[in-house]
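A short write-up of the structure that comes next.
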Amino acid sequence: MTGGAGYIGSHTVRALREAGRSVVAYDSLELGTAAAVGDAPLIVGDIADRDLVERTCREHDVSAIVHFAAYKNVGESMQSPTKYFDNNVAGTVRLLDGAVAAGVGQFVFSSSCSVYGTPAVVPVDETQPIDPESVYAETKATVERVLRWYDVVHGIRSISLRYFNAAGASFDSRIGEDWTFALNLIPVAIRALLTGDRELQVFGDDYPTPDGTCVRDYIHVDDLAAAHIAAIDHLASGGTTTAVNLGTGVGSSILEVLDAIEAVAGSPVPHRIVPRREGDPVATFSDTTRSTDLLGWRAQYGLKEIVETAYRWHQSQLDAPQPD
């Protein structure tokens, strides 16, 4: 599992281990934490290191790769496109070459709903046209096309999981999203509330939505972990290369999220409205039909559980003893 020490990766490693599955985490630790992988073996390396990928797959008898490792800051991708194309696309090609050399035949890809851009119709289903509005989204769409051709040429079957906004933390508060690295709304907003060291920026309040702020489909990270296991099983049972949305089917605006955080914390999130950010779609939330029909998977949690678990996780980190 590439990016196995990162946010979504560590939750998926844990879910796999709890299900009795063998898993090896592969992470550069640039944005991950070694402790987050628990009792799973950890290989520290770059996805672009084809030889290390091949050796790791052979030594651990890997049958499937789950690929999380990527840069994901939309704004940064528009400022530093080379960084994103080099890691997210070229690095993934090297990873795939290592997998093919080792005889790995199944690949689960962490894609994104951002490949649709601002969809003409919501909820978004998998028939919507691919129309990225940022370099980050373009890297995800490009890898999906690469995967289709690697199936044609090399026979490596894949499923691209186009998920919406991952959020929340484990219900026992053991792992969550480190806000040192976080760029997503919920951890950034909770940090602004709990530490007071910064003010949350809300990028635009003049969108054609009920309250003027962007609308997103927030999905609990434990639900995503379960979906990745379902995707692994789908491929193991002979499933063909495809792409599937992962979401709850419910859209929440930025201001609605801030209200949900205030309800849990008992105080408002300090924020201010700033101009729109380049590359942000207006509103996206998922049609869940295909993920249910193909994978037998459906999200179990909503915004309430997402905010509650995230808040508990971040509060526990503040309360934890700090090293001397």
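Readers should treat all values here as calculations from the given coordinates under stated rules, not as data from a laboratory. What you see is a predicted model; the values in this text were computed from it and never measured. Using ideal geometry, Cβ is built from the backbone for each residue, glycine included, and neighbour counts are taken over all protein chains shown.
Within the range 84-130, being more than 22 Å from Tyr150 (Cα to Cα) and of a type in the set (Asp, Glu) holds for one residue alone: Asp125. Residue pairs whose Cβ atoms lie under 8 Å apart, separated by 6 or more positions or on different chains, with the first residue in the range 143-171 and more than 21 Å from Tyr71 (Cβ to Cβ) and the second basic (Lys, Arg), are Asp151/Arg157; Ala169/Arg312; Ser170/Arg14. Among the residues examined, Glu262 qualifies as farther than 30 Å from Arg17 by Cα and not in a loop (DSSP other than H, G, I, E, B). Of all residues in the range 267-321, exactly one satisfies the criterion of being basic (Lys, Arg), crowded, with 16+ Cβ neighbours inside 10 Å and out of contact with any strand residue (DSSP E or B) (no Cβ under 8 Å at 6 or more places or on another chain), namely Arg312.
Taking every residue in the range 235-249 that is closer than 19 Å to Val115 by Cβ and pairing it with any residue that is surrounded by fewer than 24 Cβ atoms within 10 Å (Cβ to Cβ) and basic (Lys, Arg), at least 6 positions away or on another chain, the pairs with Cβ-Cβ distances below 7 Å are Thr241/Arg148; Thr241/Arg157; Val244/Arg290; Asn245/Arg290. Within the option set Ala231, Ala243, being crowded, with 18+ Cβ neighbours inside 10 Å, of a type in the set (Gly, Ala, Ser) and either part of a loop (DSSP other than H, G, I, E, B) or in contact with a Leu (Cβ under 7 Å, 6 or more places away or on another chain) (or both) holds for one residue only, Ala231.
Residues in the range 27-53 that are of a type in the set (A, V, I, L, M), closer than 26 Å to Asp172 by Cβ and out of contact with any Gly (no Cβ under 8 Å at 6 or more places or on another chain): how many? Walk me through how you get there before you give the answer.
First, the residues of the range 27-53 that are of a type in the set (A, V, I, L, M): 29, 31, 34-37, 40, 42-44, 47-48, 52-53.
Then keep just the ones that are closer than 26 Å to Asp172 by Cβ; that gives 29, 31, 34-37, 40, 42.
Imposing the further condition that a residue be out of contact with any Gly (no Cβ under 8 Å at 6 or more places or on another chain) reduces the set to 29, 34-35.
Final tally of qualifying residues: 3.
Residues of the range 19-31 that are buried (at least 18 other Cβ atoms within 10 Å of the Cβ) and closer than 23 Å to Asp97 by Cβ: Val23, Val24, Ala25, Tyr26, Asp27, Ser28.
State which residue is surrounded by the most Cβ atoms within 10 Å (Cβ to Cβ) when the search covers only the range 131-178 and only residues that are of a type in the set (Asp, Glu) and closer than 19 Å to Ala5 by Cα. Give the steps one after another, and end with the answer.
Start the filter on the range 131-178 by keeping residues that are of a type in the set (Asp, Glu), which leaves 131, 133, 138, 144, 151, 172, 177-178.
After this cut, where a residue has to be closer than 19 Å to Ala5 by Cα as well, the list is 172, 177-178.
Details: Asp172: 10, Glu177: 26, Asp178: 17.
Ranking the candidates gives Glu177 first.
Within the range 254-268, residues that are under 26 Å from Thr284 (Cβ atoms) have Cβ atoms under 9 Å from residues that are of a type in the set (Gly, Ala, Ser) and surrounded by fewer than 16 Cβ atoms within 10 Å (Cβ to Cβ) in these pairs: Leu255/Gly212, counting only partners at least 6 apart in sequence or on another chain. Listed here are the helices (runs of 4 or more DSSP H) enclosed by the range 32-113 that have at least 3 residues being buried (at least 16 other Cβ atoms within 10 Å of the Cβ): 50-59, 74-79, 92-101.
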